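Colleague: Provided herewith is a single structure, encoded as structure tokens, for subsequent inquiry.
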Amino acid sequence: MPIMDGMTLLRELHKSDHYADLPVIMLTSSIMYEDRVFASEAGANDFLTKPTDSWDLLQTIEHYIV
């Protein structure tokens, strides 16, 4: 992301009253366990690693919009 990384964006979203309840699915190339924990602590609802199967991605999205 050109202006800020995903973790920074996540923290900024959760500061906003308008977006605080927005479900966030992190999609990243990082496979480090620490990044998963950090994302969860920052407020991510789910965490997928690239490459992600399109079926898994769609199922995860569906979980949060249904």
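Coordinate-derived values only; no laboratory data. From a predicted model like this one, the values you see are computed outputs, not experimental measurements. Cβ placement follows ideal geometry from the backbone for every residue including glycine, while neighbour counts extend to all protein chains displayed.
Colleague: So which residues in the range 40-66 are among the polar types (S, T, N, Q) and more than 14 Å from Gly6 (Cβ to Cβ)?
Modeller: Of everything in the range 40-66, those that are among the polar types (S, T, N, Q) and more than 14 Å from Gly6 (Cβ to Cβ) turn out to be Thr52, Ser54, Gln59, Thr60.
Colleague: Identify all residues within the range 8-66 that are of a type in the set (Gly, Ala, Ser), in contact with a Gly (Cβ under 9 Å, 6 or more places away or on another chain) and without any contact (Cβ under 8 Å) to a residue 24 or more places away in the chain; write none if there are none.
Modeller: Ala20 - this is the single residue of the range 8-66 that is of a type in the set (Gly, Ala, Ser), in contact with a Gly (Cβ under 9 Å, 6 or more places away or on another chain) and without any contact (Cβ under 8 Å) to a residue 24 or more places away in the chain.
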